[in-house]
Each structure stands twice: as C-alpha cells, then as structure tokens.
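Worksheet for the structure shown next.
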Amino acid sequence: MVFQVTLNKSGNKFNVKKEETVLDAALRSGHVIPYSCRSGSCGSCKARILSGRIDYGEYEGNILSEAERAQGVALLCQAHPLADLIVDAREVTVGEEIQIKLLPCRVMKLDKLNHDVMRLSLKLPQNQQFNYLAGQYIDLLLRDGRRRSFSIANAPREGGELELHIRRVPDGFFTNQIFTTMKERDLLRFQGPLGTFFLRQDSDRPILLVAGGTGFAPIKAVIEDAIEQNITRPMHLFWGARTEGDLYLDGLARTWAEQYEHIKYTPVLSEVSPGSSWSGETGWVHEALLRHHSELSTFEVYMAGPPPMIDAGHTAFTAHGLNEDNLYFDSFEFSADAPQLS
C-alpha cells in the first residue's frame, strides 16, 4: 500500500511506497528533513507523529526512549507508515542544484595522515557534475553491496575532487582494504551528497564547532568553505582527540587561527601521557567548550564525531542555554551499513 505523509510545518505532502521509510520517501520526493546516519543510531531525524500509525523499525535502544515513543516521537529513517501520517518535522533548504547521484570515481592519492587516518583523494569523471554543500557526506559502494559513509573533507571546488579522512577500524572490512590493498587509480562508486550537516548562512550568530576524531573532516570542509565565501562570523573550533598524534591536521587548524581574526582553535586531549609537555585543554571536548563559553543562548553549535560525544554535548549545551534549533550534528557510526536510497 501507498500512504501519504504531510509535513505539518510546511504543509508539503509526499507518498511513501511499500518498504520505504518516511525519510527515504521524503528524499526521493525532494523534501529534505534533518538526517545523518540513516541507520537508527544518531537521532538526527527524530520527529513527532501527530496523526497516523507507524512501524517504528529497528534502532539503537538509547537513541529513542520509551518516554519519547509515548509522546509520538519516531526516527524517520526507520519509521514505516501503517496509515496516512501528519509529521511535525521541519524541512531543510539545500537548493535545487544539490541532487543525490550514483557516480564512479577514481582513487587519485592515498596519504597517511597519522598512524590510523588515511586521506583518500577521489577524482570524478570530467563529464559529470557533482554539487554538494560543505559538511555533507557520501556513501562508498562496496563490491558485495555493502556501503560505507564518509564525510567530504574539502569545500566544493572546481575539478571534481573529493577528500575523505578515513580512520582504520580494528577488524574493519573496508578500512583495512584502504590501508593495505587499495592503490592509486583504483575505481570506486559512490552515492551522494547526503546529510543535512552544513553551515546555515541565513544567520548572523557566532559559531561553535566541535569535532571528535575524524569528525574534523566535515568541520574542515565547513571552515574552508566559509573562508572561501568570506563569511566572517566568529568561529571557535574545539577538536577533541585522545593524544596529540590523533590531531592529525593540527597544523592546519592552527594556521586558520593565525591567519583569520574571526577564527579561534582549541585542541582538547582526553589522554595525556605522564611527562608530556602538553599545556592545552584536557578532558572531554564538550566540557572544554563550556569552560570557554558557559552561556550558549546566542550561539549556533555544529558537532561532528562519535555518538557518545554528540549525546553528551547535546545534553550539556541545551542545559547551558542553547536552543535545540541552533544545534546541528553529524553522528559518526563506524560499524553500521548505511541503507541504499532508491
């Protein structure tokens, strides 16, 4: 059966086909609502079902509580309609030129940035146009049908080159291939751009950016794009990592802060070896941010990193005055296979 979904805030309607989730159908119909992982592990697509019935699908238990379900909240990336729905979800404007495509690409270069992060440079065919917003991600399609999601780490540029920062996951099927057998000029396929993590330019609020590990990748793209577009809103980047070696492009972030008055940079280490000369911030990255900015009602916050960091930051920042409408995040779930978009 086909059911109709109405987005309460905009009044826009679209149909959901059999086996589609609400999110998949929305994207297929050109209606972009906030989302990130598409696997039920981040919570970006939470929305309240105002009318109708759904199958909640599968998701990680801590992402959607029983109390939220009792209030009609669902994860739209997992929810399957069982009747026509009215959903209280806001739409995100990305522009007509941003279209999700399935494209080939070629490995141009492999650069090992530290002991477990590889920079993978990809080249698109010359006859293919690929538009995206800084901060979005792509799915690499593996030969066995599996997919892996990676943020684009560079601002959009002419020439069709994409930069990915890929951390080697212990026993990771694909990431181990990147570090061991992948070669320059290998051919890959990808789908994208995906996600709603990008700088909102219809605001003049100062910006706080929080990166955890390779969550630096989409943050890097956002900052590079803002510099290229001469956006001078105050920006303060907090990059959390275990050790100094895990800040794999620390020099680049320090260069931004040195060259641009409106950009500040604070690295934060959670593990400092005895006898280390480190004199910077330590502990959890969200706590370091609050030591610098204790009242957040006037800010926008952009977070990219592992789910525990996102969850801790969300709780702490809203408790310190941040409006949830001004919080944007990209939650990295390294092990989950992303579902295919129709």
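Here are a few things to note about the model shown:
- Taking Cα centre as origin and charging only the Cβ of basic (Lys, Arg, +1) and acidic (Asp, Glu, -1) residues, the dipole magnitude of the chain rounds to 840 debye.
- DSSP-assigned coil residues among GluC sites (Glu not before Pro) in region 154-192, each with at most 11 further Cβ atoms within 10 Å: Glu158, Glu184
- Ellipticity estimate at 222 nm from DSSP helix runs (n ≥ 4, -39,500 (n - 2.57)) divided over the chain, nearest 500: -5500 deg cm²/dmol
- Three-way shape label, region 207-331, alpha-carbon gyration tensor, a/c 1.5: oblate
- Cα shape, the chain, gyration tensor, a/c 1.5 rule: oblate
- Candidate cross-link partners of Lys109 among the lysines, defined by an alpha-carbon separation under 28 Å and a same-chain spacing of 8 or more, comprise Lys101, Lys123, Lys183, Lys220.
- Net +/- balance of residues flanking Ser273 in space, Cβ distance below 14 Å, scoring K and R +1, D and E -1: -2
- Shape category assigned to region 101-194 from the gyration tensor of Cα positions, a/c cut at 1.5: prolate
- When only alpha carbons are used to place a centre, region 102-160 and region 1-78 end up 28 Å from one another.
We did not get these values from a lab; they are worked out from the coordinates using the rules stated. Here the structure is a predicted model, which is why all the values come from computation and not from measurement. So basically every Cβ, Gly included, is an ideal-geometry build from the backbone, and we count neighbours across all protein chains shown.
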